[in-house]
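The values are calculated or read from the model by the stated rules, or taken from the named source; none is laboratory data. Here the structure is a predicted model, which is why all the values come from computation and not from measurement. Neighbour counts are summed over all protein chains in view; Cβ atoms, including those assigned to glycine, are modelled from backbone coordinates with ideal geometry. In case anyone asks, the SASA skips ligands and DNA or RNA and just uses the protein heavy atoms, side chains included. Shrake-Rupley method; radii C 1.70, N 1.55, O 1.52, S 1.80 Å.
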Amino acid sequence: MSVLISPALLNGSSAPAPETEEDEESLTHPLLNSLSRSTSNNTSQVAIVGSSVSPIESLDYEIMENDYFKQDWRRGEKIQILQYVSMKWMMCFFIGLLVGLVGFCNNLAVENIAGMKFVVTSDLMRARRYTTAFLVFASSNFGLTLFAGLITAFIAPEAAGSGIPEVKAYLNGVDAPAIFSLRTLFVKIVGSISAVSGSLVIGKAGPMVHTGACIAALISQGGSQKYGLTWKWLKYFKNDRDRRDLVTCGSAAGMAAAFRAPVGGLLFALEEMASWWRSALLWRAFFTTAVVAIVLRALIDVCLSGKCGLFGKGGLIMFDVTSANVAYQIWDVPPVLLLAVIGGIWASLYNFLQDKVLRIYNRINERRAAYKIVLALTVSIFTSCLLFGLPWLAPCRPCPSDTSEPCPTIGRNGNYKKFQCPPGHYNDLASLFFNTNDDAIKNLFSKNTDAEFHPFSMLIFFITCFFLSIFSYGIVAPAGLFVPVIVTGAAYGRFIGMMFGSHSTLNHGLFAVLGSASFLGGSMRMTVSLCVIILELTNDLLLLPLMMLVLLISKTVADAFNRNIYDLIMRAKGFPYLERHAEPYLRQLSVSDVVTGPLQFFNGIEKVGNIVHVLKTTGHNGFPVVDEPPHSAAPVLFGLVLRAHLVTLLKKKAFLQNPVPAGVDAFEQFSADDFAKKGLDHGDRVEDIQLTDEEMDMFIDLHPFCNTSPFTVVETMSLAKALMLFREVGLRHLLVIPKVSGRIPVVGIITRHDFMPEHVLSLHPSLAKIKWKRLRVKLPRGVKII
């Protein structure tokens, strides 16, 4: 074993990080700061996964082309290749089938649980038992939130939140423990149903994306090893690359199931989630979302016959919101432009406040589980008081004479809730608050209802949803952001439509649709996928020109203030996400400027004791293998060997008495499954392997198990250029070789951590002054919020 000290370490460039505003907010709390700095060049870091601080590591999408892989691949027959391809399509079918079933069951459960709660409360209100009605309403929400918080905090903390930032980080190459485990899947489904039914201003679209990714990951690895649910015929997919592709299909299926938008779900995975994309993956993801759409359509037909309890006419994701014929003139464009600009400003403010609140919640959630539960219950009680108390501020309105449905509404669904009003009158604010978020959006989007809501009621509803959605996200429960942003934007758009009144030919329902688009574009910063999702929701292609205009303008306006909401959440959680673009200051550095040491590598034939010592004392995942005399004329880089493969060799005790090449016999005691990724339990550990003193003095021939063609860069290459190579190929390790021959064959290894701004600026603090920053509109120095 040899140790090399990199040039960057010899130069002593270890100055402290600059105390700039951006660096101050780069990590969430001191625990993340200390742990992240202590790992230096290790591939493992920590991040907030769900609601708990957990270690994370990078994924490796590069195929390990060692001698064993080549030998095993040459033995592959055409029937095995055909089996591999056909199994991929079959797995996409099962992913779509299961995600469609879960999506339907989620909505069925929410509509029945929440519907029963609203029916009982409404009956008590009609009997003028107002105190009892509030107690029933508040206690139901309290119990549902408590149940969701308990199972999340004690069974699967990784299931908290929407899950989209975790899945997006995974598809970028960051692996967090247990985000795709069986218990996470269970808590994500059950906890989402309970939390949404508890009248929290949260959605189920984000949890559905995480659910789809969980189902895809569990199927691709053959089930769960921890619970003994594995299938050996899925061993072909136990690698990061195939699992990444199937998780991408699962996330697309989850969004398709959330909004019954198959094309929108596909584009969402392409535009927002995936960091790598190719045509073959596009076809499989399209097939998966098509299966979801067919499953939902078949199950909807069952519910239309009245066999689904209170679920049958409610639920945003299952039914067309509006099919009105849209006719607009040129003078309708200025109000729409104004709506888009103001919507972008409001959405950027939403992102700003959400980021600040989430950072505060993270400090609370890092404490004991009791603090998490108390926070969730506090939000639930506050929400119940607002939802029940605010409708009392709205005046009772007489029922319209030309309505197509009963007024006031008796039972579960409807636009006209009686609440405390006398016969023949309804409470427009209660019609929005005393419904699920899906039904509230349906009411806001509905056509021919311009006179149904009062502007004062719409303003109260908008402000309430705006702040409740901010404070509801981040508690210890599965919670999405899509539906809250849609309902908030719909209230905003409808209020703008009321302000313009007769100056526009667009009805208020269409203003609500465009308002949702402006909030989504300004918050999520997506355009194509959001446009298609909204069009699939509304079933109205005539809105396409206005929809495109609103999304583009709101996104552009919001980009002047901050990042999209998911990037802010990933940054607050501490995920080392690699952006699509390289910061310009990275072009002023070469890869040798950020390599830190000491670098540890192995000889081609290495002593067992040396291997065990290095594995126990370092956290590195990959090690260069260098041949030195007498095995070669001069020191030469032979390849790269992975930690997992070294542990497998130690476990199988593939030892040699003397330091000589192993020969062909080295392949006979191994199978392809021995070197496959072990799944969500992260495989075997070197500490669990028992070796005798005699075995520690033996040798291992590493040549057959090395990747002999790892990606390498010259030490003088631009760091920005190396970042693009690292991200586009999906690497975990990038070897740095010297520019001139005659020196050591490898200078160092670059990992994901070396590209992070915190690491680069800690080594070169002078770059902080010339760091390129996006155009941002900032508050004056004297103004500090939270």
Mind grabbing the accessible area of Val532 for me, 1.4 Å probe, Å², rounded to tens?
30 Å²
Which residues qualify? For Gly161, with a placed amide H closer than 5 Å and at least 5 residues away or on another chain, they are Gly474, Ala477, Ala479
Interchain or long-range residues, amide H under 5 Å from Val626's placed H
Phe602, Asn603, Gly604, Phe638
Relative to the compact-globule estimate 2.2 N^0.38 Å (N residues), the Cα gyration radius of segment 689-771 stands at a ratio of 1.51
Measure of size requested: the Rg and Dmax of segment 242-311, with Cα atoms as the atom set and Å as the unit; please supply both.
13.8, 44
Per-bin percent of Cα-Cα distances, segment 415-549 [5 Å]:
2, 10, 20, 23, 19, 14, 7, 3, 1, 0
Only loop residues by DSSP count here, and only those with at most 16 other Cβ atoms within 10 Å; note down the trypsin sites (Lys or Arg not before Pro) in segment 550-652 that meet that.
Arg580
Packing-based order for 711-718, 631-638, using average beta carbon neighbours within 10 Å, highest first:
711-718, 631-638
Which entries in the list Lys204/Lys555; Lys88/Lys188; Lys372/Lys417; Lys307/Lys555; Lys204/Lys356; Lys616/Lys721 go over 32 Å, if you measure between the two C-alpha atoms of each?
Lys372/Lys417; Lys307/Lys555; Lys616/Lys721
Could you order peptides 436-442, 265-271, 200-206 by the average number of other Cβ atoms within 10 Å of their residues, highest first?
200-206, 265-271, 436-442
Debye calc, one equal point scatterer per Cα of segment 487-609, no solvent, log10 I(q)/I(0) at q = 0.10, 0.15, 0.18, 0.19 1/Å comes to -0.51, -0.81, -1.01, -1.07
